[in-house]
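Enquirer: So that we are looking at the same thing, I have put the structure below in structure tokens.
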Amino acid sequence: MTRAIIFDFDLTLADSTKGIIECVNFALERLNLTRADDERIKRTIGMSLENTFIRLTGQTDNQNVSFFISNFVKRADQVMVDLTSMFASVPATTERLIEMGFALGIVSTKFRYRIEDILAREGLSDRFGVIIGGEDVADQKPHPRGLTTAIARMQMDANDVLYVGDSTIDALTAERAKVPFIAVLSGATSKSEFDEVPKVAVIDDISALPRLLRGKAA
């Protein structure tokens with residue numbers, strides 16, 4: 001029986017596209033590099049900042065990677081919270097899941113303090129018992145460290161938990177943690193792309209979870 005649902009954040013619970021595009025291009029410009037296309041940036045959401053830079057530029061120079069990351073974070077501290085909006089279905093869906101007996105958590109590459117600020121603004125801070133952000137673990141997704149850390153803090157086992165995310169990176173993270181995965185189509189990943197990864201189900205967005213999980217709470 002499932003006891004907890006752990007969510008990715010960006011494009012699973014919230015639309016941070018505008019903020020991420022702004023911060024990526026701010027950091028690229030500080031390196032005198034060409035701004036990236038919006039769609040290319042959107043396809044990197046959920047990656048570590050290091051992998052985002054490598055994917056967009058093809059560069060692996062450690063100094064440039066570090067400079068990109070520091071400038072992304074600098075700009076994100078200024079604009080990310082304001083440019084991120086929760087998906088409309090999140091308040092009602094999370095309330096219903098809690099009523100059904102599920103504990104909720106978040107595991108994301110996004111910094112925890114940013115997630116906490118966004119949740120506080122939306123009055124949702126009390127919905128999620130555990131939040132693991134990018135600053136909380138040394139190894140970013142698809143390494144399972146963040147997910148296994150969240151499970152341990154919830155005092156549960158991998159088979160007690162479902163992980164919900166919008167990307168194949170999330171799916172691989174769940175697989176490596178030996179956690180069942182539910183894919184949502186609220187991000188940039190198409191349904192066909194999820195054909196290649198283990199999953200319990202593919203749903204349009206998290207609003208379908210209560211119906212899907214009816215009767216599965218411990």
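Enquirer: If you go through the range 70-87 one residue at a time, how many are open to solvent by less than 20 Å² (accessible area, probe 1.4 Å) and more than 15 Å from GLY133 (Cβ to Cβ)?
Expert: Residues in the range 70-87 being open to solvent by less than 20 Å² (accessible area, probe 1.4 Å) and more than 15 Å from GLY133 (Cβ to Cβ): 1 in total.
Enquirer: If you scan the range 88-110, which residues turn out to be open to solvent by 30 Å² or more (accessible area, probe 1.4 Å) and more than 14 Å from LEU209 (Cα to Cα)?
Expert: Within the range 88-110, just ALA88 meets the criteria.
Residues checked against (1) free of Cβ contacts under 8 Å to residues at least 24 places away in the same chain; (2) within 27 Å of LEU212 (Cα to Cα); (3) over 12 Å from the mean Cα position of the chain (by Cα):
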{"site": "ASP117", "(1), (2), (3)": "no, no, yes"}
{"site": "GLY134", "(1), (2), (3)": "no, no, no"}
{"site": "LEU147", "(1), (2), (3)": "no, yes, no"}
{"site": "ALA150", "(1), (2), (3)": "no, yes, yes"}
{"site": "ALA158", "(1), (2), (3)": "yes, yes, yes"}
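Enquirer: What are the pairs, 6+ residues apart or on separate chains, where a residue within the range 65-89 that is modelled with pLDDT of 95 or more and of a type in the set (Phe, Trp, Tyr) has its Cβ under 7 Å from a residue that is outside any helix (DSSP H, G or I) and open to solvent by less than 20 Å² (accessible area, probe 1.4 Å)?
Expert: That search, which allows pairs on different chains as well, returns PHE87/LEU13; PHE87/ALA14.
Enquirer: To continue, here is another question. Collect the residues in the range 197-218 that are free of Cβ contacts under 8 Å to residues at least 60 places away in the same chain and more than 20 Å from the chain's Cα centre (by Cα), keeping them in residue-number order.
Expert: Matches in the range 197-218: ARG211, LEU212, GLY215.
The values are calculated or read from the model by the stated rules, or taken from the named source; none is laboratory data. A quick note: this is a predicted structure, and the numbers were derived from the prediction, not measured. For neighbour counting, all protein chains shown are included, and Cβ atoms are generated from backbone atoms with ideal geometry for every residue, glycine included. Just the protein is used for accessible areas: all its heavy atoms, side chains included, with ligands, DNA and RNA removed. Shrake-Rupley method; radii C 1.70, N 1.55, O 1.52, S 1.80 Å.
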